[in-house]
Amino acid sequence: MAILTNPQLVEAPSPGRLRYGVFTAARLTDDLDARTVASGFQFPAEDCGVARLYDANCDTNPTKTFDEFLGYVAGDPYWVYATHKCGSVGRTPQEIERTVRRKLAGAEQQRVEAAIWGGTSPPVDPALTTTAAVVTVTPDAPGAGAAIAALEQSFYDAYGYIGTIHINTRAYAALTYAELISDTPSAGVLTTPLGSQWSIGSGYGTDGPAGVPATAGSVWAFMTPPVWIRRMPQPIVPDVTATMDRLHNQYLALAERVYAHTWACPIVHAVQVPITAPFSGGEVPIPDVPGDVEELVTEEV
């Protein structure tokens, strides 16, 4: 039991590493400069497209088909911010600034995941649920395994490199049960047995293309080419002594960071993934027990 009623104030402990999420699965770079903050960025989608077979014979002399135009993908900037309001008595400006910085650091991944999924206010572009021409996949059989296999088949029919599957964390148990998460992740990134990267995020939603809700017991999953997230090298934190409310002696601390993201090609596929238990109703099957073990159990009972 404490003797005094005013506990000693000590420094907060380290929270450890960030949880697994889109910051782990995506390419995350701290190189968003002032020009990009003002206008966003774009690059040519050079790794997209199709190839064809050619029948080289002298009889029919077929011609080759040439694809016109070169597509571009772009990312628009958006702001993620955290705030902290506290009385000026008993806390130093340095403590207040440290507090709001740590608050932003722990929460920004969840907000970026929400922006990538879509449905945020303000809206962010590109977003999975608002992307035009999303290919909706219908699995050939029930279950999470059939759904993800159909998604990978459909996606890799259109894209030749490793893709990223975006899904809400509430699907994690079903994916694990179906053995869809490899036991040997590559460089800390969770993958399917086929090698596709998992982006399992708490900030993701469960709705599908154009905001269509998932059926009961399922969530939507999207698959895209590799994701590139760009952000400012450091958060912007105005001087807390300059932003404080002097009338009420309250610190009004702000920390914000500008982000922009996109994926390598404008190719997005989606499927509904069941997350309910694979067994429901009826008697639970009992595995066969070796005779010697059965006798031992009977004697102990």
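What the table below lists for this structure:
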{"quantity": "Among the residues listed as A74, A51, the single one being under 22 Å from Y161 (Cα atoms) and surrounded by 11 or more Cβ atoms within 10 Å (Cβ to Cβ)", "calculated": "A74"}
{"quantity": "Residues located in region 84-137, provided they are among the polar types (S, T, N, Q) and touching a residue at least 60 places away in the same chain (Cβ under 8 Å)", "calculated": "S88, T99, Q109, Q110, T129, T130, T131, T136"}
{"quantity": "Options G118, G75, G106: the member that is at pLDDT 95 or above and in contact with a helix residue (DSSP H, G or I) (Cβ under 8 Å, 6 or more places away or on another chain)", "calculated": "G118"}
{"quantity": "Count of region 151-179 residues which are under 21 Å from F23 (Cβ atoms) and buried (at least 20 other Cβ atoms within 10 Å of the Cβ)", "calculated": "8"}
{"quantity": "Only one of V237, V258, V268 that is modelled with pLDDT of 95 or more, closer than 27 Å to A174 by Cβ, among the hydrophobic types (A, V, I, L, M, F, W, C) and touching a strand residue (DSSP E or B) at 6+ places or on another chain (Cβ under 7 Å)", "calculated": "V268"}
{"quantity": "Answer residue from region 209-265, given it is within 30 Å of L151 (Cβ to Cβ), surrounded by fewer than 22 Cβ atoms within 10 Å (Cβ to Cβ) and among the small types (G, A, S) and is farthest from the chain's Cα centre (by Cα) among those", "calculated": "A216"}
{"quantity": "Single residue of D183, D140, D207 found to be closer than 18 Å to H269 by Cβ and without any contact (Cβ under 8 Å) to a residue 24 or more places away in the chain", "calculated": "D140"}
{"quantity": "So V124, is it assigned to a helix (DSSP H, G or I) and crowded, with 20+ Cβ neighbours inside 10 Å", "calculated": "no"}
{"quantity": "Scope region 128-150; condition surrounded by fewer than 17 Cβ atoms within 10 Å (Cβ to Cβ) and either in contact with a strand residue (DSSP E or B) (Cβ under 9 Å, 6 or more places away or on another chain) or among the aliphatic types (A, V, I, L, M) (or both); matching residues", "calculated": "A132, A133, V135, T136, T138, A141, P142, G143, A146"}
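Listed here are the residues, each with its yes/no results for (1) over 21 Å from P266 (Cα atoms); (2) out of contact with any Lys or Arg (no Cβ under 8 Å at 6 or more places or on another chain); (3) among the hydrophobic types (A, V, I, L, M, F, W, C).
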{"position": "V212", "(1), (2), (3)": "no, yes, yes"}
{"position": "V219", "(1), (2), (3)": "yes, no, yes"}
{"position": "M232", "(1), (2), (3)": "yes, no, yes"}
{"position": "V237", "(1), (2), (3)": "yes, no, yes"}
{"position": "A242", "(1), (2), (3)": "yes, yes, yes"}
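Results for (1) of a type outside the set (A, V, I, L, M); (2) more than 26 Å from Q250 (Cα to Cα), shown as yes or no for each residue.
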{"residue": "A12", "(1), (2)": "no, no"}
{"residue": "A25", "(1), (2)": "no, yes"}
{"residue": "F41", "(1), (2)": "yes, yes"}
{"residue": "Y81", "(1), (2)": "yes, no"}
{"residue": "T92", "(1), (2)": "yes, no"}
{"residue": "E95", "(1), (2)": "yes, no"}
{"residue": "G118", "(1), (2)": "yes, yes"}
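The values are calculated or read from the model by the stated rules, or taken from the named source; none is laboratory data. Just so you know, these numbers come straight off a predicted model, no measurement behind them. No Cβ is skipped: glycine too gets one built from the backbone with ideal geometry, and neighbour counts run over all protein chains shown.
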